[in-house]
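K.L.:
The following block contains the structure, expressed as structure tokens.
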Amino acid sequence: LPNHTSVVSHVAADIGGSLAKVVYFSQEVGRRGSGLEGAVDDAPAEDVRGGRLHFLRFETERIDQCIEFMRELQVKQRQGWAQAKDGKRRNKESELCVMATGGGAFKYYDRIKERLGVDVVREDEMTCLIQGLDFFITEIPNEVFTFHEDEEEQIQYRSIESQRTVYPYLLVNIGSGVSMIKVSGPDNFQRIGGTSLGGGTLWGLLSLLTGARTFDQMLAMADKGENGNVDLLVGDIYGEGLGYEKIGLSEKTIASTFGKVFKRKREAERNAEDGQNLGKGKTTDEKTHDQKKQKITETPVEAEVGDGRMFNPQDISRSLLYAVSNNIGQIAYLQSEKHNLKHIYFGGSFIRGHRQTIHTLSYAIKFWSKGSKQAYFLRHEGYLGAVGAFLKRQP
Ligand code: ADP
């Protein structure tokens, strides 16, 4: 929360299926961080228009903490006005104005209104998303970047000037689900598609399969994983023969996500059965010999069969992160072809500034378009809608 000398004019919340994103503006630099459980400052504040924009997020499931945060902001706001020179002017105008968008703006409307005792202004989700993106593109330096795997500077920021002529473009917003929107201008856009295999899918499946407790833990696991242990690769199918080169694929190309799991499980079960049958009808010496031999050939994976943990959670995380990102990248490319769009922006909290996700999406666009299309990313990728709602009322 800002300290008592700063003035907060209004706050905006974009309450989605997974996360509630909060943006507020303070006119003097306040202290960062709220001390409130559940509030996470995960994006740098920005100095704009004589003040600072702050970005926070909460799990939507903990919406009460989000509302409590806004209530504290409201209290500080009143104190700020009371201490400001024109404190006498404390009237309705100086009350904190609350803007809300996303599904939660409807679902939690009554609750927010009741707790804060103010009017909550609801704004259209898609409009906010596009206007938030337009603001980031045209007003925040070092916000938009492209990813270049083979260059020394992998992350390259775009100048604001170079971004002004970027319409029309495709916005791919990867939240719980995925929306694809054709944008012809700040007020001219149309939702053209999407997929339900999005951030919520990865979050949900990995929580079932890996035991990870947070999204960041899942990403950290994916960093350490080897997807070839669960995915069936082109090289697995073609063997040593290099035949795959004829069809223009690399041996590392994923032929089937999770395609190796069943086979490996079956093998391990067979090995375990063989192990049990090993001793039948043999002398003690022979049994000891066989057991010794089996110890040597038994891989750790086989030893773990039966306890359900024969696949390593890091490998599973990497495989599913690839699967979801590749799938979105390919659908995005096809939509961009269908609608004749050259520039593709990726937003939404799924991306989370994560290198592998950015690399996969960027690679997919480059690969499928044979280098003719460009993927763009944003530093505050999760806050497009919240900023859009915020801008509906100028400070
Ligand atoms: P929504 O508006 O649908 O909530 P977001 O753009 O906020 O969408 O993205 C939500 C997705 O972001 C989650 O489904 C998950 O994949 C990812 N994510 C990033 N950070 C977190 C986090 N701290 N907790 C949960 N999910 C997160």
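K.L.:
For the condition under 21 Å from PHE350 (Cα atoms), open to solvent by less than 30 Å² (accessible area, probe 1.4 Å) and acidic (Asp, Glu), what is the one hit in GLU143, GLU149?
P.N.:
GLU143
K.L.:
Anything in segment 210-230 that is open to solvent by 70 Å² or more (accessible area, probe 1.4 Å) and farther than 17 Å from ARG352 by Cβ? List them, or say none.
P.N.:
Hit for segment 210-230 is GLU226, nothing else.
K.L.:
Let me ask something else. For segment 17-26, which positions are within 16 Å of the ligand (Cβ to nearest atom) and either more than 15 Å from the chain's Cα centre (by Cα) or open to solvent by 10 Å² or more (accessible area, probe 1.4 Å) (or both)?
P.N.:
Of everything in segment 17-26, those that are within 16 Å of the ligand (Cβ to nearest atom) and either more than 15 Å from the chain's Cα centre (by Cα) or open to solvent by 10 Å² or more (accessible area, probe 1.4 Å) (or both) turn out to be GLY17, SER18, LEU19, LYS21, VAL22, VAL23.
K.L.:
Would you check which residues across segment 190-203 are part of a strand (DSSP E or B) and either over 30 Å from LYS338 (Cβ atoms) or aliphatic (A, V, I, L, M) (or both) and list them?
P.N.:
Once the filter is applied, which keeps residues that are part of a strand (DSSP E or B) and either over 30 Å from LYS338 (Cβ atoms) or aliphatic (A, V, I, L, M) (or both), segment 190-203 yields only ILE192.
K.L.:
Determine whether ASP14 is among the acidic types (Asp, Glu), at pLDDT below 70 and under 25 Å from the mean Cα position of the chain (by Cα).
P.N.:
So ASP14 does not fit the description; no.
K.L.:
While we're on this one: Residue under question is ARG158, and the condition is that it be more than 16 Å from the ligand (Cβ to nearest atom) and of a type in the set (Lys, Arg); does it hold?
P.N.:
Taking the combined requirement at face value, the residue satisfies it.
K.L.:
Within segment 113-154, count every residue that is in contact with a Lys or Arg (Cβ under 9 Å, 6 or more places away or on another chain), under 20 Å from PRO44 (Cβ atoms) and hydrophobic (A, V, I, L, M, F, W, C).
P.N.:
Adding up the residues that qualify gives 6.
K.L.:
Looking at (1) out of contact with any strand residue (DSSP E or B) (no Cβ under 6 Å at 6 or more places or on another chain); (2) not in a loop (DSSP other than H, G, I, E, B), which is the one condition that is false for GLU151?
P.N.:
Checking GLU151 against (1) out of contact with any strand residue (DSSP E or B) (no Cβ under 6 Å at 6 or more places or on another chain); (2) not in a loop (DSSP other than H, G, I, E, B), the one that fails is (2).
K.L.:
Turning to a different aspect of this structure: Would you mind stating whether GLU226 is closer than 30 Å to PRO313 by Cα, in contact (Cβ under 8 Å) with a residue 60 or more places away in the chain and either charged (D, E, K, R) or away from the ligand (no atom under 16 Å from the Cβ) (or both)?
P.N.:
Criteria met by GLU226.
K.L.:
For segment 98-137, which positions are more than 25 Å from the chain's Cα centre (by Cα) and among the acidic types (Asp, Glu)?
P.N.:
ASP110, GLU114, ASP119
K.L.:
In segment 334-345, what residues are under 11 Å from TYR169 (Cα atoms) and either within 16 Å of the ligand (Cβ to nearest atom) or charged (D, E, K, R) (or both)?
P.N.:
LYS342, TYR345
K.L.:
Out of all the residues in segment 361-395, which are closer than 18 Å to GLY132 by Cα, assigned to a loop (DSSP other than H, G, I, E, B) and in contact with a strand residue (DSSP E or B) (Cβ under 8 Å, 6 or more places away or on another chain)?
P.N.:
Passing the criteria: ARG379, HIS380, LYS392, ARG393, PRO395.
K.L.:
Could I ask something else about it? Taking into account only those residues within segment 53-90 that are at pLDDT below 85 and outside any helix (DSSP H, G or I), which is surrounded by the fewest Cβ atoms within 10 Å (Cβ to Cβ)?
P.N.:
That would be LYS85.
K.L.:
Turning to a different aspect of this structure: Of the residues LEU171, LEU242, which is modelled with pLDDT under 95 and either closer than 26 Å to LYS373 by Cβ or open to solvent by 20 Å² or more (accessible area, probe 1.4 Å) (or both)?
P.N.:
LEU242
K.L.:
Which condition from (1) out of contact with any Gly (no Cβ under 6 Å at 6 or more places or on another chain); (2) within 21 Å of ARG191 (Cβ to Cβ); (3) open to solvent by 20 Å² or more (accessible area, probe 1.4 Å) is the one that SER349 breaks?
P.N.:
It is condition (1) that SER349 fails.
K.L.:
Could I ask something else about it? Restricting attention to segment 332-360, which residues are small (Gly, Ala, Ser) and either without any contact (Cβ under 8 Å) to a residue 40 or more places away in the chain or assigned to a helix (DSSP H, G or I) (or both)?
P.N.:
Hits for segment 332-360 are ALA332, SER336, GLY353.
K.L.:
Same structure, new question: Which members of segment 204-219 meet the condition of being within 12 Å of the ligand (Cβ to nearest atom) and assigned to a helix (DSSP H, G or I)?
P.N.:
GLY204, LEU205, LEU206, SER207, PHE215, ASP216, GLN217, MET218, LEU219
K.L.:
Moving on to the next point. For residues in segment 174-192 being surrounded by 15 or more Cβ atoms within 10 Å (Cβ to Cβ) and over 22 Å from the mean Cα position of the chain (by Cα), which is nearest to the ligand (Cβ to nearest atom)?
P.N.:
Of everything passing the filter in segment 174-192, PHE189 is nearest to the ligand (Cβ to nearest atom).
K.L.:
Could you check segment 347-362 and list, in sequence order, the residues that are of a type in the set (A, V, I, L, M, F, W, C) and near the ligand (Cβ under 9 Å from one of its atoms)?
P.N.:
Answer for segment 347-362, where residues must be of a type in the set (A, V, I, L, M, F, W, C) and near the ligand (Cβ under 9 Å from one of its atoms): PHE350, ILE351.
K.L.:
On the given criteria, is GLY200 at pLDDT 95 or above and among the small types (Gly, Ala, Ser)?
P.N.:
yes
The values are calculated or read from the model by the stated rules, or taken from the named source; none is laboratory data. What you see is a predicted model; the values in this text were computed from it and never measured. Note that each Cβ is placed from the backbone with ideal geometry, even for glycine, and that neighbours are counted across all protein chains shown. Accessible surface is based on the protein model in full, side chains and every heavy atom, while ligands, DNA and RNA are left aside. Shrake-Rupley method; radii C 1.70, N 1.55, O 1.52, S 1.80 Å.
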